[in-house]
Ligand SMILES: Cc1ncc(COP(=O)(O)O)c(C=O)c1O
């Protein structure tokens, strides 16, 4: 039998539990400064919502059908969905969506809907698409084609055109990524739509905008993510740019498409149109709080400041001889993986000799300077990186 406290079934004293929870909290806060490899904003203070975490809030079923009782936040969910639908210029009389558990569920829902539209369709996603895409393809028993990308992570549109043409006897479910996981590349959605419009192939165009969907849509003059004739569905992660303290996401489509999956009300008084039945009602309040307290202007400013910091990080790294780059719109800064001494201290995302840090809102200039100083202090690592010459040449622009 284990001697771990609590494992023998006895109750643990409240002060011990509180001490343990305090330690968990301190560790999470203390690690923030060096946790720069994953796209989670940390600048929004959600603590005013803490008292609401004492109750179950269950947004079971469709956002537009309220369950009995008051322990749900569907009114706020609808407001949040409308905010996102406005941002993506969805037609006022033809929009639908729901708050998901995260980006993966949004992708799963979108592919599920697209399969209902086109049961024999092939899914096309790029080689740099998120790992949830092959998983969703597998869950839904679909077939897929992996489209090539360039060395900076953007889809190769000629390859997509060739593949769609090769399989023109089958409808296409095309997934564009706005903010790939490793380089934050944004596939050119209008270009994909034009390409598809030139073929006789019936199609559904889904955008996985987990990270960059909202910041791109907020940027002035960007109308690339329009949920009308341009895009059929969009999935967003709620805890990335908006930094909610619990994972959540948004999936949006048009109501006329969603009706492919129409259901009747059940014993809960709601309609089962979502992947999960019971859904937490807390994300609706968190997202509502973020968008109401910051407004478009505040949110846009956060995105601009994050881009400025990313540009600064690129310059600082290049100054010290560490070849870094970023996409013009991106918060993500890509560079050859530094020495193990650096990666032991800084939580970066690394793959195949490349790493990135992401200047999400909440990352400071001081943190970037400290990171660059650590790269310099372990100067031998630059030499270690030299055998990867071919890759480094590919990284320098
Ligand atoms: C492009 C992209 N899509 C989907 C996801 C999946 O999001 P989640 O982890 O919320 O399911 C991520 C998460 O990193 C992502 O970067």
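Quick note: the coordinates plus some simple rules give every number you see, no bench work behind them. Because the structure is predicted, anything quoted here is derived from the model rather than measured. So basically every Cβ, Gly included, is an ideal-geometry build from the backbone, and we count neighbours across all protein chains shown.
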Ascending count of other beta-carbon atoms within 10 Å, so fewest first, for 199, 100, 177, 230: 199, 230, 100, 177
Give, in nm to one decimal, the length gained when the segment between residue 266 and residue 55 is fully stretched (0.36 nm per residue of separation minus the Cα-Cα distance). 73.5 nm
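Report the calculated FRET efficiency for residue 20 and residue 165 (r = Cβ-Cβ distance, R0 = 41 Å), to the nearest 0.05.
Values: r = 59 Å, r/R0 = 1.45.
With R0 = 41 Å, the Cβ-Cβ based efficiency is 0.10.
What does the helix-only formula give at 222 nm for the chain: each DSSP H stretch with n ≥ 4 adding -39500 (n - 2.57), the total divided by the residues, and the result rounded to the nearest 500 deg cm²/dmol? Intermediate values should be presented prior to the final figure.
On the way: 13 runs with 153 residues, N = 397.
The helix contribution divided over the chain gives -12000 deg cm²/dmol.
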Approximate spin-label separation residue 93-residue 188, in nm, with each point projected 7 Å along Cα-to-Cβ: 3.5
Could you tell me the center-to-center distance, by alpha carbons, between the range 171-214 and the range 58-84 in angstrom? 29
Theoretical FRET efficiency, 1/(1+(r/R0)^6), r = Cβ-Cβ of residue 228 and residue 365, R0 35 Å, to 0.05: 0.35
At 20 °C and 1.002 mPa s, the Stokes-Einstein diffusion coefficient in µm²/s for the range 82-203, with hydrodynamic radius from the Kirkwood sum on alpha carbon pairs, is 142
So for the chain, considering every pair of alpha-carbon atoms, how many percent are separated by more than 31 Å? 43
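Most exposed first by the Cβ proxy, i.e. fewest other Cβ within 10 Å, how do 158, 169 rank? Walk me through the numbers before you get to the answer.
On the way: 158 11, 169 8.
The most exposed by this proxy come first: 169, 158.
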Over the range 98-157, what per residue volume does the convex hull of the Cα atoms give, in whole Å³? 94
Mean-square fluctuation maximum in Gaussian network of the chain, Cα pairs under 10 Å, restricted to 312, 131, 267, hits 267
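Of all beta bridges DSSP finds with both residues in the chain, what is the antiparallel percent, to the nearest 5? Write out the running numbers ahead of the final one.
Details: 23 of 41 bridges.
Once the DSSP bridges in the chain are tallied, antiparallel ones form about 55 percent.
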Extending each Cα 7 Å along its Cβ direction at residue 27 and residue 311, get the distance between those two points in nm, one decimal. 4.0
At 10 °C and a viscosity of 1.306 mPa s, what translational diffusion coefficient does Stokes-Einstein give for the range 225-265, taking Rh as the Kirkwood radius over Cα pairs? Give it in µm²/s as a whole number. 133
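Tell me, what is the FRET efficiency for residue 352 and residue 34 to the nearest 0.05, using R0 = 22 angstrom and their Cβ-Cβ distance as r?
Values: r = 22 Å, r/R0 = 1.02.
Efficiency computed from Cβ-Cβ geometry: 0.45.
Which ordering of 240, 120, 318 is given by a fewest-first count of other beta-carbon atoms within 10 Å?
On the way: 240 27, 120 11, 318 14.
Lowest to highest Cβ neighbour count: 120, 318, 240.
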Volume in Å³ per residue [convex hull over Cα atoms, computed for the range 281-340]: 119
For the pair residue 146 and residue 7, the simple spin-label estimate (label points 7 Å beyond Cα toward Cβ) gives in nm 4.1
For residue 320 and residue 296 in one chain, what is 0.36 nm times their gap in residues minus the Cα-Cα distance, to one decimal in nm? 5.0 nm
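Work out, step by step, the length gained on full extension between residue 158 and residue 65: first 0.36 nm times the residue separation, then minus their alpha carbon distance; give nm to one decimal.
Numbers: separation 93, 0.36 × 93 = 33.48 nm, distance 4.39 nm.
This chain segment gains 29.1 nm when fully extended.
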